[in-house]
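These notes are about the structure you will find just below.
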Amino acid sequence: MLLSSCKLHRWLAPALVLLASCSIKYSFSGASISPESKTFSVQFFPNMAPLVNPTLSSNFTEALKMKFLTSTRLTETDSDGDLAFEGEITGYAVMPQAITANEVAAQNRLTISVHVKFTNLQDPDQSFDKAFSQYEDYDSQRNLAEVEGELVDEIVKKLVEDIFNAAVANW
């Protein structure tokens, strides 16, 4: 029994050393971030959409920062982070959905679009410059003003999750 235990230790020790030396770290959030990456930065996302929600820019920018603060080990910096985000809100629109037989919308859809430029200083191949868009539907009997805050919060959560996954989840 002692002999087989020694053989196991000879095989197990190098395997553990090999696993410990991997260059990508995984977290419970699904993020795979290079150990060399220590910081992230998120620049303010101005609202350039034709229809402007006055609090959307600050809410979106803060939500993106919070996602990285709570889901990664990275430290926030004002600019030039190892992972850097910048961009703008490009769309904020309400469109009718689910038209009834009377040619009346049964639902409306609020859609928010953002353009994001992501720079990964440690792995430039992971950098991107692309658009993200998400929406929420609501009953057309309700006024946008009564549901807007709730809808915007849900859409921002979806957008932030999409951006996070595109930047660090490598799915």
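Values in this text are rule-based calculations from the coordinates and carry no lab data. These figures come from a predicted structure and were not determined experimentally. Note: ideal-geometry Cβ built from the backbone for every residue, glycine included; neighbour counts use all protein chains shown.
Quantify how much of the Cα-Cα distance distribution of the stretch 36-169 extends past 23 Å, in percent. Please list the in-between numbers first.
Details: 3307 of 8911 pairs.
Value for the stretch 36-169 (Cα pairs over 23 Å): 37 percent.
Size of the stretch 82-124 along its principal axes in angstrom, Cα-based, largest extent first?
56, 16, 9
Which whole-Hz ³J(HN,Hα) couplings does the stretch 33-40 yield from phi under the Karplus relation 6.51 cos²θ - 1.76 cosθ + 1.60, θ = phi - 60°, glycine and proline marked x?
3J(HN,Hα) across the stretch 33-40, in whole Hz: 10, 4, x, 6, 6, 10, 10, 9.
Sorted by packing (mean other beta-carbon atoms within 10 Å per residue), highest first, where do 75-84, 48-57, 153-162 land?
Details: 75-84: 15.4, 48-57: 13.8, 153-162: 17.2.
Ranking, from highest mean packing down: 153-162, 75-84, 48-57.
Show me, for the stretch 153-164, the HN-Hα J-couplings you get by feeding each phi into the Karplus relation (A = 6.51, B = -1.76, C = 1.60, θ = phi - 60°), rounded to Hz, glycine and proline as x.
4, 5, 5, 4, 4, 5, 4, 4, 5, 4, 5, 4
So how strong a dipole does the stretch 47-107 carry about its Cα centre when Lys and Arg Cβ are +1 and Asp and Glu Cβ are -1, to the nearest 20 debye?
Values: 3 positive and 8 negative charges, 54 e Å.
With Lys and Arg at +1 and Asp and Glu at -1, about 260 debye.
Straight-line reach from Lys38: which aspartates and glutamates have a Cα under 14 Å away, not including same-chain ones fewer than 8 places off?
Candidates past the 8-residue exclusion: Glu76, Asp78, Asp80, Asp82, Asp123.
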